[in-house]
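*Asks:* Here it is, the structure, as structure tokens.
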Amino acid sequence: MKSIYLDNAATTPILPEVISVITNTMATVYGNPSSTHQIGRKAKSLVEIARKNIAKYLNATSNEIIFTAGGSEADNLILRNTVENLGVTTIISSKIEHHAVLHTIENLVKEFKITALWVDLDKNGDVDYNHLEQLLQQTEGEKLVSLMYVNNEVGNVLNLKKVSDLCLAYNALFHSDTVQGIGHFEIDVKQTPIDFFTASAHKFHGPKGVGFAYIKKGFGIYPILHGGEQERGARAGTENIHGILGMEKALKIALTNLEEESTYIQKLKSYFIKKLKNNFEEVTFNGLSESETKSSYIILNVRFPKEYALLLFNLDLKGIAVSGGSACQSGSNKGSHVLNTILSEKEATKTSIRFSFSKFNTEEEVDYVIDVLKELIN
């Protein structure tokens, strides 16, 4: 049986070059970066070199990068810090954010009695920028806008520059969950000022369990994990040295080959869209995922004309790994909060599947998926 992986928005396979860095580090770098002896200093030096390199890829400075266990921790760290340490009393966000943001905001509302405002979305889940400006105009006190760069389920790409300009105009802080964007799009914090954003290494062929928070210079950080003084007091706990070095290697490879690989994956996605339209009547696409300019080239969210029970299960039996929503919803019977928000009640009853691609996928794999779908549906 074939094994075809089309769930790269959930996680990506680790590159061999990254595995080599990780295993070599695990075998040779065993010191604690907080230790003052030579072995500890060697470990500390490698962590700081990786931090410096990651910052350079973003046109940031090394002291703006805080290493975490992944994107969810980074989002929690940033959002909680803006309320506890920076005095934010209003957070403006959307109903289709990742749960790492939505659930954190919900808890901050309960704990600190802050106000949460929700920006309007159109039928495709795109942000209504005029409404965002209205919310910024009418909100007094310290405020934060938290909107994700690339939606993890439908692939919509936020206009970071437009949101950044609005935040600057109305004296608001700007946080973006960029977990689906880092490694797939270039981000230059000098050209597009963002106060806070997040990354997770396993989304760009790096290891799981490691990521980082970008926190613009000048903002203090109050830790949510207490204990040691690691990460300049922002996050207690001995640094995940091999994970950090693996992440830096993965990000370097991703950005070095970005133009070539993004062109290849977009071509593959377009080929899949064409094959779907040619073989299935009334197939549609959720969000802006069909667009080449307003959607991630990684993600395609397909809505079939009716409900097909056990379609995901049967695709899995055929060796095809895809998703019905975000992987973080796995095991939940509530369905996708993103699709439930942007689709009509009738549309939401139809079967939707998220296909997400990487440089390792091929047209031959797409052809096989189409054949299997024809067998299961027609």
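*Asks:* Considering only residues of region 243-259 that are surrounded by fewer than 22 Cβ atoms within 10 Å (Cβ to Cβ) and not basic (Lys, Arg), which is farthest from residue 210 (Cα to Cα)? Break it down into steps so the answer makes sense when it comes.
*Replies:* Keep residues of region 243-259 that are surrounded by fewer than 22 Cβ atoms within 10 Å (Cβ to Cβ), which gives 252-253, 255-259.
Pick out the ones that are also not basic (Lys, Arg) and you get 253, 255-259.
Working: 253: 17, 255: 18, 256: 21, 257: 22, 258: 21, 259: 25 Å.
The residue in question is 259.
*Asks:* Is it the case that region 354-366 has a residue that's in a helix (DSSP H, G or I), open to solvent by less than 50 Å² (accessible area, probe 1.4 Å), farther than 19 Å from residue 295 by Cβ and modelled with pLDDT of 95 or more?
*Replies:* Yes, that holds for at least one residue.
*Asks:* If you don't mind, another one. Identify the single condition in (1) over 12 Å from the mean Cα position of the chain (by Cα); (2) open to solvent by 10 Å² or more (accessible area, probe 1.4 Å); (3) modelled with pLDDT of 95 or more that residue 185 does not satisfy, given that it satisfies every other one.
*Replies:* (1)
*Asks:* Of these, 91, 78, which one is of a type in the set (A, V, I, L, M, F, W, C), touching a residue at least 24 places away in the same chain (Cβ under 8 Å) and in contact with a helix residue (DSSP H, G or I) (Cβ under 7 Å, 6 or more places away or on another chain)?
*Replies:* So the residue among 91, 78 that is of a type in the set (A, V, I, L, M, F, W, C), touching a residue at least 24 places away in the same chain (Cβ under 8 Å) and in contact with a helix residue (DSSP H, G or I) (Cβ under 7 Å, 6 or more places away or on another chain) is 91.
*Asks:* What number goes with the only condition from (1) in contact with an Asp or Glu (Cβ under 8 Å, 6 or more places away or on another chain); (2) open to solvent by less than 40 Å² (accessible area, probe 1.4 Å) that residue 271 does not pass?
*Replies:* Here residue 271 clears every test but (2).
*Asks:* Suppose the filter is surrounded by fewer than 22 Cβ atoms within 10 Å (Cβ to Cβ) and closer than 23 Å to residue 187 by Cα; does residue 76 pass it?
*Replies:* yes
*Asks:* If you check 9, 60, 74, 100, which single one turns out to be in a loop (DSSP other than H, G, I, E, B), at pLDDT 95 or above and closer than 30 Å to residue 352 by Cβ?
*Replies:* Exactly one residue qualifies, and that residue is 9.
*Asks:* Restricting to region 31-43, give me the number of residues that are touching a residue at least 12 places away in the same chain (Cβ under 8 Å) and open to solvent by 40 Å² or more (accessible area, probe 1.4 Å).
*Replies:* Within region 31-43, residues that are touching a residue at least 12 places away in the same chain (Cβ under 8 Å) and open to solvent by 40 Å² or more (accessible area, probe 1.4 Å) number 3.
*Asks:* Output yes when any residue across region 220-234 is open to solvent by 60 Å² or more (accessible area, probe 1.4 Å) and modelled with pLDDT of 95 or more, and no when none is.
*Replies:* No, there is no match, as no residue in region 220-234 is open to solvent by 60 Å² or more (accessible area, probe 1.4 Å) and modelled with pLDDT of 95 or more.
*Asks:* Now a separate question. Determine the pairs where a residue that is surrounded by 10 or more Cβ atoms within 10 Å (Cβ to Cβ), located within region 121-141, has a partner that is basic (Lys, Arg) with Cβ atoms under 6 Å apart, the partner being 6 or more residues away or on another chain.
*Replies:* Pairs that qualify, where the first residue is surrounded by 10 or more Cβ atoms within 10 Å (Cβ to Cβ) and the partner is basic (Lys, Arg), are 129/162.
*Asks:* Go through region 294-322 and count every residue that is in contact (Cβ under 8 Å) with a residue 24 or more places away in the chain and either open to solvent by 70 Å² or more (accessible area, probe 1.4 Å) or not hydroxyl-bearing (Ser, Thr, Tyr) (or both).
*Replies:* Counting residues in region 294-322 that are in contact (Cβ under 8 Å) with a residue 24 or more places away in the chain and either open to solvent by 70 Å² or more (accessible area, probe 1.4 Å) or not hydroxyl-bearing (Ser, Thr, Tyr) (or both) gives 20.
The values are calculated or read from the model by the stated rules, or taken from the named source; none is laboratory data. Source: prediction; values computed, not measured. Positions of Cβ are backbone-derived with ideal geometry, glycine not excepted, and every protein chain shown enters the neighbour counts. Heavy atoms of the whole protein, side chains included, go into the accessibility calculation; ligands, DNA and RNA do not. Shrake-Rupley method; radii C 1.70, N 1.55, O 1.52, S 1.80 Å.
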